[in-house]
């Protein structure tokens, strides 16, 4: 369990970040909302969000974030190379926006990427105005714009980010 302070009213919220088996109705609903929203915002050829079956692949781990028993968000880490991971399906529920859900989950994914000894973590997101909060979040965490990676190609509706990860060895 991760204990964080909410910025609104400084009340203490307990964020429970856990690996999700993707079988619960809450996570299925949030992921469907994510897919629907991506298709509303972006042209079909520019939607790279993974569906439920793709998120269940052995090279993907999805975490869900829970606050007081409610699903607050989710995010996934996909292995795309021996030392390269990709962030997928980052989503915060409407009720829990601006409570630090995405930032705490991103910090967790970065920590897990280092544990897996990845040296690079990358992602693709949209260019539409709705994606600006995501851009700011990733930039705040040290991600920089980059060229398409993996199987992606140049797309005017996509922006790509990457970050080199430092490996820390115990003293």
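Throughout, read-outs are computed from the coordinates displayed, never taken from laboratory work. Here the structure is a predicted model, which means the values were calculated and not measured. Cβ atoms come from the backbone with ideal geometry, glycine included; neighbour counts cover every protein chain shown.
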Given 49-59, 67-77, the highest-first ranking by average Cβ count within 10 Å works out to 67-77, 49-59
Ordered by fewest other Cβ atoms within 10 Å, a rough proxy for footprinting exposure, 60, 101 read 60, 101
Per-residue ellipticity at 222 nm attributable to helices in the chain (runs of n ≥ 4 DSSP H, -39500 (n - 2.57) apiece, nearest 500 deg cm²/dmol) works out to -8000 deg cm²/dmol
